[in-house]
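Here is the structure we will look at, set down as C-alpha cells.
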Amino acid sequence: MATRMDPMTNAINPQNNFQNTDSRFVRFAKDIPMVVNWHITERCNYRCSFCYSDWNHLDEVWNKLENVRKVIENIAHYHAERFGAGAAPWRLSVVGGEPILFQKKTQFVVETAVACGAEVSIITNGSHLENMFPFARLLSQVGVSLDSFIHETNMKIGRQCNGHTLSFEEISDKIAAFRAINPNVRVKVNTVVNQNNFDEVIVDKVAALGATKYKILRQMPFGDNKGVTDEQFYTFIRNNYREDLFAKVGSGRHIFIEDNSVMTQSYLMVAPNGCLFQNGGAEYRYSRPLMDIPFEVALKEIDFAEEKFFSRYTSTATETIIARMHNAVA
C-alpha cells in the first residue's frame, strides 16, 4: 500500500510515461474509452480490510458543485482536444468509498458528466443499489464489488454493515430491479482475491447475475497485510476462470485478471480533492488540483504508463497471467 502524502506539498513529479499525440494511447482511444476513475469520497458503510480508499479525509470536491463542473469539463476538454470527434466516448467511473450513500451529490456528478459527453459508470458495494434508481437511465455500466457470497467470509473481510452482509439473492434482486429501469446497462463484477476467499468458487453466481465483465484482482499488499501468495492467487483463478459460463451474454472475453504489477501506474485516478494521483511507488504521487490546471498538465505530474492502461482493457494482461500460472504448474 502506498503511503499517503499531502498532495499540495509533493505535487510535481516529472518522471512519467506520457507520450506525444502519436502514441498508442491516441490510437487505442479510437476504439477503447479513456476511463477516469474519480474516487469522489472515502466514506463507506463497509470496512474492508484491504481497502486503499483512504486519503486522510482530504477535502472532497463535490462539497462545492462548481468544482465538480470544473473537474469534469477539464477532462472532457482534454479528451476532445487530444482524441478528436472520432474517438470512443470517454467514461467517468464514479468510485468511493461508497458514493451512492450520497444520492443527490452522486446524481449531480452523473448528470454533469453526461452533459459533457461522457459515459458514466459507478462502482458500488451493492448494499444501496436502489439509490441509483432515480438516475439509472443515465448510467452505461454498474460495477459491483463482490468478494464472496458466504456470510462468514464477508464478515471476516469487513464487507458488512452492522452484521449484515449482501447475499446472492439480495444483489440479484437489486440488479433485476435496476435492469427493469435501464435494460441496456452493463453489469461488471469485481472480486479482490484475498486471504479469506482465495479457495472459494463464485464465478457461477457472478455469471448468473448476467455480468458482462468479471474482473479478478489480486489484493494489493500494504502494511502488515501481505496479500496472497502466487499459489493462492492461482488457486482462485483455476477455480473461477470459466469463460464458458458467460456465453449467453455475448461473444468475446468476459473475464479479466489483474495482478499487482498490472494495477500500478495503469489507472487514471482522481482523488476526492480533485488531484490526479497515482500508485506504484512508496508514496502516492499527486498532481495539482484539476480545478486549477489543465488535465494535460496534471497528467504530466504523475506516473502513468499508457501501455499498461490499455493492457487492462485488452486480453494482454489476462493472457500473461494465465500463461504464468500454467508455467508455474509445469
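The values are calculated or read from the model by the stated rules, or taken from the named source; none is laboratory data. All figures in this text were calculated on a predicted structure; none of them were measured in a lab. Don't worry about glycine lacking a Cβ; one is built from the backbone with ideal geometry, like all the others, and counts go over all protein chains shown.
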message: Residues that are in contact with an Asp or Glu (Cβ under 9 Å, 6 or more places away or on another chain), of a type outside the set (A, V, I, L, M), farther than 30 Å from residue 71 by Cα and buried (at least 22 other Cβ atoms within 10 Å of the Cβ): does segment 121-144 have at least one?
response: no
statement: Within segment 126-179, the residues that are acidic (Asp, Glu) and part of a helix (DSSP H, G or I) are 130, 152, 169, 170, 173
- request: Would you confirm whether any residue within segment 70-83 is in contact with a Pro (Cβ under 8 Å, 6 or more places away or on another chain), modelled with pLDDT of 95 or more and surrounded by fewer than 17 Cβ atoms within 10 Å (Cβ to Cβ)?
  value: yes
statement: Scanning segment 288-303 for residues that are farther than 26 Å from residue 105 by Cβ and out of contact with any helix residue (DSSP H, G or I) (no Cβ under 9 Å at 6 or more places or on another chain), the one modelled with the lowest pLDDT turns out to be 303
statement: Checked segment 203-216 for anything under 21 Å from residue 155 (Cβ atoms) and surrounded by fewer than 22 Cβ atoms within 10 Å (Cβ to Cβ); matches are 205
- request: Inspect all residues belonging to segment 245-254 and state whether any of them is within 18 Å of residue 123 (Cα to Cα) and either crowded, with 20+ Cβ neighbours inside 10 Å or modelled with pLDDT under 95 (or both).
  value: yes
statement: In the set 66, 81, 111, the lone residue that is over 17 Å from the mean Cα position of the chain (by Cα), of a type outside the set (A, V, I, L, M), assigned to a helix (DSSP H, G or I) and within 23 Å of residue 182 (Cβ to Cβ) is 111
- prompt: Of all residues in segment 183-194, how many are crowded, with 17+ Cβ neighbours inside 10 Å, in a loop (DSSP other than H, G, I, E, B) and polar (S, T, N, Q)?
  reply: 1
- prompt: Under 8 Å by Cβ, and 6 or more places apart or on different chains, what pairs join a residue from segment 218-241 that is more than 15 Å from residue 203 (Cα to Cα) with one that is among the basic types (Lys, Arg)?
  reply: 227/218; 228/218
Among (1) at pLDDT 95 or above; (2) closer than 23 Å to residue 237 by Cβ; (3) touching a helix residue (DSSP H, G or I) at 6+ places or on another chain (Cβ under 9 Å), the one test that residue 153 misses: (3)
query: If only one of 260, 194, 182, 190 is over 15 Å from residue 147 (Cα atoms) and within 20 Å of the chain's Cα centre (by Cα), which one is it?
result: 260
task: Identify, from the list 238, 285, 242, the residue that is crowded, with 22+ Cβ neighbours inside 10 Å and either charged (D, E, K, R) or at pLDDT below 90 (or both).
output: 285
query: When you scan segment 91-101, how many residues do you find that are modelled with pLDDT under 95 and either β-branched (Val, Ile, Thr) or closer than 10 Å to residue 36 by Cβ (or both)?
result: 0
field: Residue satisfying all of: in segment 297-330; assigned to a loop (DSSP other than H, G, I, E, B) and touching a Leu at 6+ places or on another chain (Cβ under 8 Å); surrounded by the most Cβ atoms within 10 Å (Cβ to Cβ) among these
entry: 302
- request: Six or more apart or on different chains, Cβ under 7 Å: which pairs go from a residue in segment 285-303 that's closer than 12 Å to residue 269 by Cβ to one that's of a type in the set (Val, Ile, Thr) and in a loop (DSSP other than H, G, I, E, B)? Could you list them?
  value: 285/302; 287/302
query: Does residue 259 satisfy being acidic (Asp, Glu) and surrounded by fewer than 17 Cβ atoms within 10 Å (Cβ to Cβ)?
result: no
task: Find all pairs meeting these conditions: Cβ atoms under 7 angstrom apart; at least six residues apart or on different chains; first residue within segment 57-85 and within 18 Å of residue 273 (Cα to Cα); second residue part of a helix (DSSP H, G or I) and of a type in the set (D, E, K, R).
output: 62/105
query: Does residue 46 satisfy the condition of being in a loop (DSSP other than H, G, I, E, B), modelled with pLDDT of 95 or more, over 23 Å from residue 89 (Cα atoms) and in contact with a strand residue (DSSP E or B) (Cβ under 8 Å, 6 or more places away or on another chain)?
result: yes
